[in-house]
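K.L.:
One structure, as structure tokens, below. Some questions next.
The values are calculated or read from the model by the stated rules, or taken from the named source; none is laboratory data. Note that the structure is predicted; figures quoted are calculated from it, not measured. Here the Cβ is made from the backbone with ideal geometry for all residues, glycine too, and neighbour counts use every protein chain on show. Only protein heavy atoms, including side chains, enter the accessible area calculation; ligands, DNA and RNA are left aside. Shrake-Rupley method; radii C 1.70, N 1.55, O 1.52, S 1.80 Å.
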Amino acid sequence: KSELIVPNSKVNCSYLFGEYYLFLSCMDLCSDAPCPLNKNRTLLYNSCPGQYPDRVYTLANNSFLTFVTKSNQDQFHQDYFQCNNSRCIEYNQVCDLVNDCGDMSDEANCSNNMICEDTLNSTNHQFISLSQRCDGMYDCFDLSDECNDACGKRILKNWILQVLCWVMGVLALIFNSYTVFCGLKTLQDSGTRSMLTNKAMVSLIGSGDLFIGLYLIMLSFYDSFVYGNGFCRHQADWYTGTACSILGVISTVGSQVSLFAMASLSIIRMHKLTFKKMSIPCPVNRNSVIKVGFLVTGIITASLAIAVTPLMPSLEEYFVQGMYYDPAYKVFIGFPNKEKHVKVLQGHYNITNSNITMDLTWKQISDKVDGMFTQQHGLLIRRPVHFYGNDGVCLFKYFVRSDDARRIRQTIQNIADITDQKGDPVVWLMLGVNLVCFIIISVCYIVIYIQTRISSRRSGQRHNPERVRENRSIQNKITLIVATDFLCWVPFIVISGMHNLEFFDATEWYVTYAMIALPLNSVINPLIYEKTLTEFLGRKLGEVKTLIRLSTSAVVSSITRFISTMTEDIQSGNVDLDVIQM
């Protein structure tokens, strides 16, 4: 026996359903819900034709003949809702998100639901609860519950990210284009092996950071001019498309080339200063060119392998995020991963044994999904969500969600026995590689600084003003290199590790941090490693300062002369004071 609680004042009925919603709304106890009953339709003796053969006729209000039915508790009742098609349903079926009438009249006047937009013009609407709107989970086949005016999203979710992406992309593109141009232009003029290696690595760092700038500009272009506010509705095309894959490869290659080249340059500089500081510089020869070529080729190859490997068809079992089905087929909603597929297949085939588990390949899953339907109109249209399609910004996926197919799992008997082994080994491998690169860079430049101090002290030059300025310049440069690398990578590595160990969920931080911190190196590196760029910008900044100073002086001088002239005219009586006051 259920107990009905009646509130003392009006309440929000948006999250109530069935008979309780009907009762409160028709008692005028809902603040935002009209009574869904049609007061102009009276339940007569011949209403609900073909239904309730055991009806008992009775006189209502001494004015018309109606009927009642007997419940299982031997009580007579008349809680029936008349649909527009003359069918009748019970009150608990009204405003319950289900088209029980068949003509949707039982849900038409309810304020507790939302209609998925792709069914608005159909004869059978898809209703969802208001609590399912903008909750981060897709419930409509056309994604309209998450893609609307209240909660639509863009590739870059706010104007701050949009501005930063444009600014850092343009700066990275200009600075690193200059760095690469100068490096390649003077590369053939390298007189020694160390100079050749240094210029080659600086050019390679600039090339990697140039890729990051290109990635940021392309991403901003797609966000601003291609999709804009309509991205949410077209996100399936983006996540499964070629453009996002290309951007992901560009960003990954750029960041890894830059990081590997910085680590290599650090080792080379430390080795030269520590072990070959007294040796005579060796001229460039064929052997040294081949060595530099092998080093550059190795860095580029390793970076390309990291970026392209997740997109290889042979590895789709590990890197495919999920599947997107044509919404016209009404098969799956959103981007179901393997776990969702397995649950649906087990429910459809009524199998909970080892025949349908997480060990199924995507090919096997596709075959079983096709087996759910007839093939009269061909196979279902579907597209895999590729590795870089985990988010709109198409970056390498360091943050792996708990429901991601890439987490190591072992299936035992059924879906309930899937065990999580704390994350993705590829993520841990990449975090480890990047952390090692940062440690190498930091250690090498600390050793370089120490060796420089020792050399200065032994040579008796530590009190020499010129040597002091040189040491201070080296110290500032090393501090800047280590600090920027630390700020860009270490917090990101720590947060990624904590996220994958499930200490907290940092998914919402990923885009913000990845789009602000990681590209920072791409703007700063050319200022650190390319001396001519720093000197050029310094000269231009000096010219701007001089121009501002001269302009300010000219304005102040003009104002001073004007005031002086006015004062003299007033004192000589050439100006009417009454006119000035007016």
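K.L.:
Please verify whether segment 172-191 includes one or more residues that are within 17 Å of the chain's Cα centre (by Cα) and either open to solvent by 50 Å² or more (accessible area, probe 1.4 Å) or closer than 22 Å to Met515 by Cβ (or both).
P.N.:
Checked against the condition, which is being within 17 Å of the chain's Cα centre (by Cα) and either open to solvent by 50 Å² or more (accessible area, probe 1.4 Å) or closer than 22 Å to Met515 by Cβ (or both), segment 172-191 yields no hits at all.
K.L.:
Then there's this: Can you report the number of residues in segment 327-346 which are modelled with pLDDT of 85 or more and either open to solvent by 50 Å² or more (accessible area, probe 1.4 Å) or part of a loop (DSSP other than H, G, I, E, B) (or both)?
P.N.:
8
K.L.:
Let me ask something else. Which of the residues spanning segment 1-54 are touching a Ser or Thr at 6+ places or on another chain (Cβ under 7 Å) and among the acidic types (Asp, Glu)?
P.N.:
Matches in segment 1-54: Asp32, Asp54.
K.L.:
Give all pairs with beta carbons closer than 6 Å in which a residue from segment 50-66 that is on the phi > 0 side of the Ramachandran plot meets a residue that is in a strand (DSSP E or B); count only pairs at least 6 apart in sequence or on separate chains.
P.N.:
Taking only residues 6 or more apart or on different chains, the pairs are Tyr52/Thr69.
K.L.:
Take segment 112-157 and flag every residue that is among the small types (Gly, Ala, Ser) and either touching a residue at least 12 places away in the same chain (Cβ under 8 Å) or on the phi > 0 side of the Ramachandran plot (or both).
P.N.:
The answer is Ser129, Ser131, Gly136, Ser144, Ala150, Gly152.
K.L.:
Picking from Thr534, Thr546, which residue would you name as being assigned to a helix (DSSP H, G or I), at pLDDT 80 or above and exposed (fewer than 13 other Cβ atoms within 10 Å of the Cβ)?
P.N.:
Thr546
K.L.:
Tally the residues that are part of a loop (DSSP other than H, G, I, E, B) and polar (S, T, N, Q), restricting the search to segment 210-246.
P.N.:
Selection size over segment 210-246: 1.
K.L.:
Quick one: Trp159 ticks every box in (1) crowded, with 22+ Cβ neighbours inside 10 Å; (2) more than 30 Å from Val320 (Cβ to Cβ); (3) of a type outside the set (Gly, Ala, Ser); (4) within 15 Å of the chain's Cα centre (by Cα) except a single one, so which number is it?
P.N.:
(1)
K.L.:
Could you tell me whether Asp135 is among the acidic types (Asp, Glu), modelled with pLDDT under 95 and within 15 Å of Arg41 (Cα to Cα)?
P.N.:
no
K.L.:
Now, a different point. Among (1) open to solvent by 30 Å² or more (accessible area, probe 1.4 Å); (2) closer than 21 Å to Cys26 by Cα, there is one condition Ala60 misses while meeting the rest; what is its number?
P.N.:
It is condition (1) that Ala60 fails.
K.L.:
Which residue out of Pro53, Pro49 is within 22 Å of Ala108 (Cβ to Cβ) and surrounded by fewer than 11 Cβ atoms within 10 Å (Cβ to Cβ)?
P.N.:
Pro49
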